[in-house]
Amino acid sequence: MVQIAVMGYGTVGSGVVEVLNTNQASINKRAGDEINIKYVLDLRDFPGDPVESKLIHDFETIVNDPEIKIVVEVMGGVEPAYTFTKRCLEAGKSVCTSNKELVARHGAELLEIARERELNYLFEASVGGGIPIIRPLNSSLTADEITEITGILNGTTNYILTKMSYGGTDFDTALKDAQAKGYAERNPEADVEGYDACRKIAILTSLVSGRQVDFEDIYTEGITKITAEDIKYAKKMGRAVKLLAMSKKEDGKFFAMVAPFLINEMHPLYSVNGVFNAIFAKGNVLGDVMFYGSGAGKLPTASAVVADVVDAAKHLHRSIMTFWSTKKLELTDISNAKRRFFVRAKGDGQADAIRMAELFGPVELVNADLEGEFGFITGKLTEAEYQECAAKTDAIIHMIRVEG
Ligand code: HSE
């Protein structure tokens, strides 16, 4: 029997217990042993809950129990999760987590501790909820140099954008709905400002580059400035607004960013709607590959955590994860990235459009029948060139980058 402990009995923690109970027989068969939850750690009491008899409030019980071989950390946040994880690994226990904040900040160090001790620090659920992406990058795609990862990595924002596009719902109602369904972070600012997607692309970039990527270095823009008017223009152009997290390797150097983009229907991420996430990757020998599935929510996320528990149980004395170095990866400045930009500007006459063309070069006009404004798409410019042109006018209402 493999005894495990679950730290955190919130949305994901209770999902982990549910998944282990629901699929007990097949999970045990695949793990080659019986997996048993010995403790559930939480500050709160849950009177009448099925885990009541396993509930503990003191972390020391877990770390000091030699019977516990695997610890599930689904507490979220950096502390005390970091200290607890480190102590568990140092005490000879493998740790499985969904905590992207912790993996993004201390992944390199925790992976190293695990590797030194022939243990595992597994974090499939930290990116893309229930979608397998860490494991494929760690095992199936190891023959390739990954040159690009572009993903819809946040379920809450994709849900909001989809509702705004197809349901006519406003931003606040869609966010409340996502929160009620258990998709959103405790502080939804992390979702809507793009911080959650930023941590996830930092993890993926660390994994493919083999170096620590500091998420603070990644240019990040959320979706709070996306309006119903932007969506109207997008529809007129046959495009969708998507919060993309991207990481690309060009001339041996990586650049990464998170921002809303306008993508056309030929783009592989165009039809990824609702809470679904998808991750598109390019390998130098494989070519394109895409992973799609439920990116948030109790059971999809718990499914990925439990799959890690099974892997950890199968490899109790062997480290299976590729690690990345604590040495920091220097990302290149996004200001050299070249693309087209969609711009909404004040004015509605021919003269206004000509003024914009004089500033930005040849532009493609977009008419969404909105009073007092018009839209246009620039030719390919670098970020720096766009900013330089935009600084010369006060007519700009909003800009969204165009991908593809
Ligand atoms: N809040 C996150 C999301 C949860 O909406 O994608 C999964 O990481």
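General observations
- Compactness of region 141-293, expressed as Rg and Dmax over alpha-carbon positions, Å: 15.4, 45
- R0 of 25 Å, Cβ-Cβ distance GLN179-ASP45: FRET efficiency to nearest 0.05: 0.55
- Put a plus charge on the Cβ of each Lys and Arg, a minus charge on the Cβ of each Asp and Glu, and nothing anywhere else: the dipole of region 134-223 about its Cα centre is then about 400 debye.
- Added length on full extension, which subtracts the Cα-Cα distance from 0.36 nm per residue, LEU370 to ASN284: 26.5 nm
- Per principal axis, descending, Cα span of region 226-314 in whole Å: 52, 38, 20
- Annotation: peptides 317-329, 360-372, ranked by per-residue average of other Cβ atoms within 10 Å with the highest first, follow the order 317-329, 360-372.
- For region 25-91 and region 280-304, distance of Cα centres in Å: 27 Å
- Using alpha-carbon coordinates, inclination of helix 171-180 to the longest axis of the chain, degrees: 10 degrees
- By the rule of a C-alpha distance below 28 Å, with chain neighbours fewer than 8 residues away ignored, the lysines paired with LYS38 are LYS29, LYS54, LYS69, LYS86, LYS93, LYS100, LYS298, LYS314.
- Residue-count net charge about ASN23 - beta-carbon cut-off 14 Å; Lys, Arg +1, Asp, Glu -1: 0
- Using only the C-alpha atoms, the convex hull of region 109-192 corresponds to 145 Å³ per residue.
- For the chain, the relative contact order works out to 19 percent when only alpha carbon pairs closer than 8 Å and six or more residues apart are counted.
- The residues neighbouring PHE59, those whose beta-carbon lies less than 15 Å from its own, together hold a net charge of -1 under the Lys/Arg +1, Asp/Glu -1 convention.
- Extent along the principal axes, Cα only, for the chain: 77, 47, 32 Å, with the longest axis given first.
- Candidate aspartates and glutamates - alpha carbon under 18 Å from LYS327, same-chain residues fewer than 8 apart omitted: GLU109, GLU112, GLU116, ASP214, GLU216, ASP217
- Residue-count net charge about ILE263 - beta-carbon cut-off 11 Å; Lys, Arg +1, Asp, Glu -1: +1
- Our summary gives region 1-108 a relative contact order of 30 percent, counting only alpha carbon pairs under 8 angstrom and 6 or more residues apart.
- Length gained on full extension, GLU18 to LYS225, computed as 0.36 nm times the residue gap minus the Cα-Cα distance: 70.7 nm.
- Straight-line reach from LYS346: taking Cα to Cα under 28 Å and skipping same-chain neighbours fewer than 8 places apart, the lysines in range are LYS163, LYS225, LYS232, LYS235, LYS236, LYS242, LYS338, LYS380, LYS392.
- Separation of the HIS57 and GLU90 label points, Cα + 7 Å toward Cβ, nm: 2.6 nm
- Charged side chains reduced to their Cβ positions (Lys and Arg at +1, Asp and Glu at -1) give the chain a dipole of some 820 debye around its Cα centre.
- Relative to its residue count, region 14-146 spans a Cα convex hull of 133 Å³ per residue.
- Projected label points at SER26 and ASP333, each 7 Å from Cα along the beta carbon direction, are separated by 5.3 nanometres.
- For the pair ILE354 and TYR270 in one chain, pulling the backbone fully straight at 0.36 nm per residue adds 27.1 nm over the alpha carbon distance.
- When only Cα pairs below 8 angstrom with a gap of at least 6 residues are kept, region 141-293 shows a relative contact order of 36 percent.
- Note on region 337-403: Cα Rg divided by 2.2 N^0.38 Å, N the number of residues, gives 1.00.
Since every read-out is calculated from the coordinates, none of them should be taken as a lab result. Source: prediction; values computed, not measured. Positions of Cβ are backbone-derived with ideal geometry, glycine not excepted, and every protein chain shown enters the neighbour counts.
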